[in-house]
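Heads up: the structure comes next, in structure tokens.
What follows draws every value from the coordinates through simple rules; no lab data is involved. Bear in mind the structure is a predicted one, so any value in this text is a computation, not a measurement. Cβ: placed from backbone, ideal geometry, glycine included. Neighbour counts: every protein chain shown.
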Amino acid sequence: MTSNPSAATGTHDPTVLVDIPMSSQDALWLTMDRPNNLMVIDSLMWFDAVVSMPKLRAVLRQRMIRRFPTFSCVPTQVDNGWVWRPLPEFDVDLCLHSVRLPASAGPAELRGLVSEQRSIPLPRDKPLWSCLLVTNLTLDDGSKGSAVIIRAHHSLADGVRLTQVMLGMCDMDADAAPVGVGKALRRSSGPAAVALSVARNIASDSLDTARSAGEQAMQGALRLGGNAPGELFRLAGSVGSMVRNPGRVSGVLATLGSTDNRAVNDAAAVTKLALSAPSVRTVWSGTPSETKSAGWGPTLSLPQVKAIGKATGTTVNDVLLGAVAGALTRYLRSHGDDSVDELLWMVPVSVRPLDVDSFSDDEAAAEPGHNNLGNYFALVALRMPIGIDDVAARLAVLHTEMARIKASDEALLTFTVQRGISKAPPPAAAALTNFFANKGVGVLTNVPGPRHPMSLAGATVAGVLAWAPCSGDQVMTICIFSYNGRVSVGFGADATLIPDVDVLADLLALEFEHMCTTILGDPKEV
């Protein structure tokens, strides 16, 4: 490729045709596309006003293409792997389009359009993203609004970084930006460092493990003495459950130490990931189709979420996950499935802090040949309790589960495995990725967004959602996004296996209302 002397200015010039190396992890997601599960992150912003196409075009050029050169490149295979190759004379209109909804079309038609888009692969002869401006959207109050759908391939970047790209296109107050997104791994992710980390944890936490094991043995002896037949029956049931699903061993291991016992938590994480059977059979089990759907309901009050957390001693994340667990419980029961007691979800965790400068300065741009996006995340497995009707008890279980994940090296372990998989031959990498993916029902994300209103191209953003892709035989993706004191929850599903995705959104609203009434009494006072 050739270089242009104008690169000395330090700003991205699309005429500087320099190949950008693609990391092995980015290349893995590039090659993981399947017709029935595309590796595309689908984002949506909706507005109470009509967004101007010329203004949107200018924002994309200035705040996305100039800052991140890979958005003007196409993936190209070379002898030693893959690169991002700039398109000569690239213009944003290659990926920017508009659609005008029919008269009186509202949120239902917007959901249908998002569902339709989720089923369409991105063409490989263009940069792997698209932006669709949706106009003539009729809002609930009868006024006219609009929406912007941005789709970007996972090989460009992970969900956290792509969300930041989207937010970086917007105008907002300095104190409104989200904080705490993206943290560095505790230690090096090399195999030797991981082994040393585990060894240190075992040594430092052995006393706590011994103490907890002794307490468990004493309590078991006392229970056995008082009700031997009942306890033996309960023990037999637990053993049977572990035989059917060896991954349940992780739950037993977790009882052998306090919630901050990193050695025990690491051992539980390994058994959970390695021994868990494929995702539990439910009413939605099966091979995904090529047709996808999307649904969302009314936003939730963030102050109410915080109030429930304060009253139960749990976090905002615990409360939102508890609402999702309650909604899924209601859905399964309504379909005659009341035997499921937990679902395994894959939750992305950012393992590298964001390069804030590249998102905030209009003049900042990557040097030619450099990618300042990419994939820097690990997937941790969340065991979500299903069937617990007592709200406080459900939140307590989730709080303990999340505390153990946080007090473990699970992200470090899975990131190391992920990196190893990305360097394997493509067939082996695909098989291993599906092996781990199929242990979960799908992907669940929770992103804290700006705390105050923001605007795009001069129009105030009313709400935001961003769905992560599924892989393997996963059938559902759930996204949670908090913004300006409200929380949006979106469900993305396989339209064949879950034909009534809108019901999930309705059940979530119903469950959250139940949680507010149960915990807060009169939620209107919050």
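Quick notes on this one:
- 3J(HN,Hα) along region 154-159: 4, 5, 5, 5, 7, x Hz, from the Karplus curve 6.51 cos²θ - 1.76 cosθ + 1.60 with θ = phi - 60°, whole Hz, x for Gly and Pro.
- For Val40, the residues whose amide H sits under 5 Å from its own are His154, ignoring neighbours fewer than 5 places away on the same chain, with H placed 1.01 Å from N.
- Over region 5-176, Cα pairs under 8 Å with separation of 6+ residues give a relative contact order of 31 percent.
- Qualifying trypsin sites (Lys or Arg not before Pro) in region 107-149, DSSP loop, other Cβ atoms within 10 Å at most 16: Arg124
- Extension gain, Val283 to Arg100: 0.36 nm times the residue separation minus the Cα-Cα distance gives 62.2 nm.
- Shape metrics for region 5-176, restricted to C-alpha atoms - Rg then Dmax, Å: 17.2, 57
- Set of region 153-170 residues, backbone N closer than 17 Å to the point 7 Å along the Cα-Cβ line of Thr31: 154-156
- Working note: Karplus 6.51/-1.76/1.60 with θ = phi - 60° gives region 289-298 the couplings 9, 8, 9, 10, 9, 8, x, 7, x, x Hz, where Gly and Pro are set to x.
- Here the extension length gained between Asn80 and Arg333 equals 85.9 nm, from 0.36 nm per residue of separation less the Cα-Cα distance.
- Cα-Cα over 24 Å, subset of Lys306/Lys406; Lys126/Lys439; Lys406/Lys439: Lys126/Lys439
- Modelled spin-label separation between Ala428 and Asp500, with each label point placed 7 Å from Cα along the Cα-to-Cβ direction: 4.6 nm.
- For region 439-454, 3J(HN,Hα) per residue [Karplus equation, 6.51 cos²θ - 1.76 cosθ + 1.60, θ = phi - 60°, Hz, x = Gly/Pro]: 6, x, 6, x, 10, 10, 10, 9, 10, x, x, x, 8, 9, x, 10
- Rounded FRET efficiency, nearest 0.05, which uses the C-beta distance separating Met53 from Leu17 and R0 of 30 Å: 0.55
- Residues with amide H under 5 Å from that of Val74, placed H, sequence gap 5 or more: Arg85, Leu87
- Relative to the current alpha-carbon distance between Glu116 and Asp390, full extension at 0.36 nm per residue lengthens the span by 94.9 nm.
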